[in-house]
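S.K.: The structure is given below, and queries will be raised subsequently.
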Amino acid sequence: MNDCTLCVCVDELCEQVHELKEELAQSESLHKQQVMELGQSLTISFQHSLVLLSLPGSCSPTLLLRSVKLPLLMSLSAGVAELRYLSGLVREEEMQRLRHEQERAVERMKSEFEREKHSLQKQHSADLEGSIEKTNSKLKSIGKKLLTLLLLRLLLIVAQRL
């Protein structure tokens with residue numbers, strides 16, 4: 001695998017991380033908005049309770065506050081619990097998405113490495129075959145030259161004896 005392919009894979013992963021960060025920021029913004037709405041709802045409920053307290057002939061302020069306090073606390077507690085739950089879900093989804101993205105990137109890289117390995121093996125086999133053919137050719141040439149030299153020597157020996 002060449003450096004360029006590796007850079008492309010790294011760039012893709014960086015882009016995916018950037019996109020996930022943006023999604024997380026949007027998700028956090030949504031959660032903040034929900035908390036603000038819950039706070040506004042609580043404020044309205046509290047203001048309503050204060051208005052009731054100021055009406056003539058209403059029950060005692062302490063009793064009224066007690067009757068409003070528990071539902072408000074329960075509502076706030078439920079909102080916080082829901083927010084934590086949603087935040088956990090978003091984090092888990094993001095982690096799962098990151099794991100899947102990473103697994104896909106690793107698989108792509110493995111696949112690229114395998115293609116590169118196969119290509120290099122084919123090239124090596126072709127080079128080796130070429131080298132073997134050249135060596136065989138040279139050996140045949142040397143054999144022919146040696147045979148020619150031996151025949152010439154044999155002819156010289158025969159010529160000297162005659």
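The values are calculated or read from the model by the stated rules, or taken from the named source; none is laboratory data. All of these numbers come straight from a predicted model, not from anything done at the bench. Positions of Cβ are backbone-derived with ideal geometry, glycine not excepted, and every protein chain shown enters the neighbour counts.
S.K.: Among the residues that make up the range 72-89, is at least one of them under 18 Å from Asp11 (Cβ atoms) and among the hydrophobic types (A, V, I, L, M, F, W, C)?
M.R.: No: zero hits.
S.K.: If you don't mind, there's one more thing I want to ask. Return yes or no: is Glu107 surrounded by 10 or more Cβ atoms within 10 Å (Cβ to Cβ), at pLDDT below 90, assigned to a helix (DSSP H, G or I) and among the acidic types (Asp, Glu)?
M.R.: Answer is yes for this residue.
S.K.: Looking at Leu83, is it touching a residue at least 12 places away in the same chain (Cβ under 8 Å), at negative phi and surrounded by 10 or more Cβ atoms within 10 Å (Cβ to Cβ)?
M.R.: Yes, satisfied.
S.K.: Right, something else. Is it true that Lys110 is under 35 Å from the mean Cα position of the chain (by Cα) and closer than 19 Å to Cys14 by Cα?
M.R.: So Lys110 passes the test.
S.K.: Please count how many residues of the range 24-40 are among the acidic types (Asp, Glu) and at pLDDT 80 or above.
M.R.: Final tally of qualifying residues: 0.
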